[in-house]
1. Let me check against my output: what whole-number percent is the relative contact order of the chain, with C-alpha pairs under 8 Å and at least 6 apart?
2. So what is the accessible area of the range 162-210 per residue, in Å², with the probe set to 1.4 Å?
3. Let me check I've understood the local charge: for P123, count other residues with C-beta under 10 angstrom from its C-beta, Lys and Arg +1, Asp and Glu -1. What total comes out?
4. Springs between alpha-carbon atoms under 10 Å, Gaussian network over the chain: tell me which of G72, G58, G157 tops the mean-square fluctuations.
5. Quick one: accessible area per residue over the range 1-73, 1.4 Å probe, rounded to a whole number of Å²?
6. Tell me the relative contact order for the range 84-186 as a rounded percent, counting alpha carbon contacts under 8 Å between residues six or more apart.
7. Kindly identify the range 85-168 as rounded, prolate or oblate by the Cα gyration tensor criterion: order the square roots of the eigenvalues as a ≥ b ≥ c, call it rounded if a/c is under 1.5, otherwise compare a/b with b/c, prolate if a/b is larger, else oblate.
8. What number, rounded to the nearest 500 deg cm²/dmol, is the helix-based mean residue ellipticity at 222 nm of the chain, given -39500 (n - 2.57) per DSSP H run of at least four residues and division by all its residues?
Amino acid sequence: KNAVSRVGDQGICGSCYAFTALHTIESQLRIHRNLNVELSPQEILDCAGQHGTRNCHGGYSEGVWSYINYVGGISLEKYYTYKAGVGECKSNINRLNILIEGEYSFTDGNEEELKAALFLLGPISIIFDHLHHSFFQYSKGIYYEPQCIESNEFTHGGLIIGFGSENGMDYWTIKNSFGKTWGEKGFFKIARNKDNHCLVGKYAMIPILI
């Protein structure tokens, strides 16, 4: 339904949280307002530090959404371009007015509920465990990392955009922020219905726009 914006590239900055938080908003804007826009993760890096984000050192979607509510919107990417580092805050550059009244949260790891939410509501922001050599070397297929079985650390953000089955294995399709040359043109598949493999589904959210 053309509800997924293009893949971003966070570079050497730990800004995955900004990309996934904004990508969920972009999808909601496409679904509900027919707006095809790209929002500025650089503004989040430069300006949202007082809302629980840590610039290039990680954060959570709630902090991004808190900042957007505080200032009443966010700039478009084309006017406030990404630099993969922290700069001076310029928070009123061609701002798109947005308010978020809450979010749908999924924290119990029910993958069937998550699948229904994706189908009914749209792409879902997640945080999962990615700190394995195999993840950075991923190129195609369904990702399965045995060391994820006992995962207890959330280390990276992504956007669930689809699901399916291949050769008898269920999978989620996830949009990453490593650029289009990584994985399957910037996307990857990860095992689904395998006890929230790599913590996928344990910390998932969709913003509710006003």
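The values are calculated or read from the model by the stated rules, or taken from the named source; none is laboratory data. Only a predicted model underlies this, so the values are computations on that prediction, with no experimental measurement involved. Glycine also receives a Cβ, built like all others from the backbone with ideal geometry; neighbour counts cover every protein chain displayed. Accessible surface is based on the protein model in full, side chains and every heavy atom, while ligands, DNA and RNA are left aside. Shrake-Rupley method; radii C 1.70, N 1.55, O 1.52, S 1.80 Å.
1. On the way: 462 pairs, mean separation 53.5, N = 210.
Result for the chain is 25 percent.
2. Numbers: 2070 Å² over 49 residues.
Ligands and nucleic acids excluded, the figure is 42 Å² per residue.
3. On the way: positive: R30, K175; negative: E26.
Once positives and negatives cancel, what remains is +1.
4. Fluctuation is largest for G72.
5. Working: 2970 Å² over 73 residues.
Roughly 41 Å² per residue, with all protein chains present.
6. Working: 91 pairs, mean separation 23.2, N = 103.
Normalised by residue count, the contact order of the range 84-186 is 23 percent.
7. On the way: a/c = 2.11, a/b = 1.41, b/c = 1.50.
Oblate is the answer for the range 85-168, as a/c is 1.5 or above yet b/c matches or exceeds a/b.
8. Computed ellipticity for the chain at 222 nm equals -7000 deg cm²/dmol.
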